[in-house]
Amino acid sequence: MPGPPFSEAPPGRGFRTLLPGRLAFREGLALQESLLESRSSDPDDVLILLEHPPVVTLGRGGRTEHLLFSPETLSARGIDCVEAGRGGDVTFHGPGQLIGYPIVDLTPLGRDLHRYLRALEEVLIRTLAAFGVRAERSAGRTGVWVGGEKIASIGIGVRRWVAWHGFALNVADDLGPFDAIVPCGLRGVSMTSLEGLLGRPVPLSEAAGEVVRAFSEVFSMEHTGEYETAPVEKTCLA
């Protein structure tokens, strides 16, 4: 397994976590925007961990033919449809999926987007390893895979060399809504989940704890506690 991709990160660099519970996708975007705008007065990196109600998002490279149902049909099924300012194609978010939005300054990390994506993959690979699941990369395809099935998707945005958006890890085993899209524009791809692989329920809070630990390792940053001045009321991940 590769070593920490950012082992040369500046000494003493830390990050805080923000756990707002379940937020609508647009509220999650607004939260990220707020943290981006506050960087001048509060430059700490923040790792947001949350879940969304059912939503299909289209990244900057999203193609409408990868939506297998119209937005109206999706709405009738209780699934919102939103354009997102991240990289990548089409994906689904829903309850039981752990969403990570790292708000991270990439300048001290070399402004290397490719390396940053590989580091996020490494965070998820180490998270899954903590549950005894062997995950891997797939050459030429961003994300994390187990036995040829995709378990995590990644799509980022960057503003003034501060990264936002992030990753989605399938924890719960309800993958039915993925049938409404061509996940990440990859035809023939099957999705899998942590619960499906383990055959037992996994609380999102347990998965979130492992993500925090792995994020600290991979980015060589100390977890310095929770973000206490969030612009939304915080709840706990189940």
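The values are calculated or read from the model by the stated rules, or taken from the named source; none is laboratory data. Because the structure is predicted, anything quoted here is derived from the model rather than measured. Just so you know, the surface numbers come from the protein's heavy atoms only, side chains and all, with ligands and any DNA or RNA stripped out. Shrake-Rupley method; radii C 1.70, N 1.55, O 1.52, S 1.80 Å.
For the stretch 97-164, averaging the sequence separation of C-alpha pairs within contact (under 8 Å, six or more residues apart) and dividing by the residue count gives a relative contact order of 36 percent.
Give me the percent of accessible area attributable to carbon and sulfur for the stretch 111-181, probe 1.4 angstrom.
46
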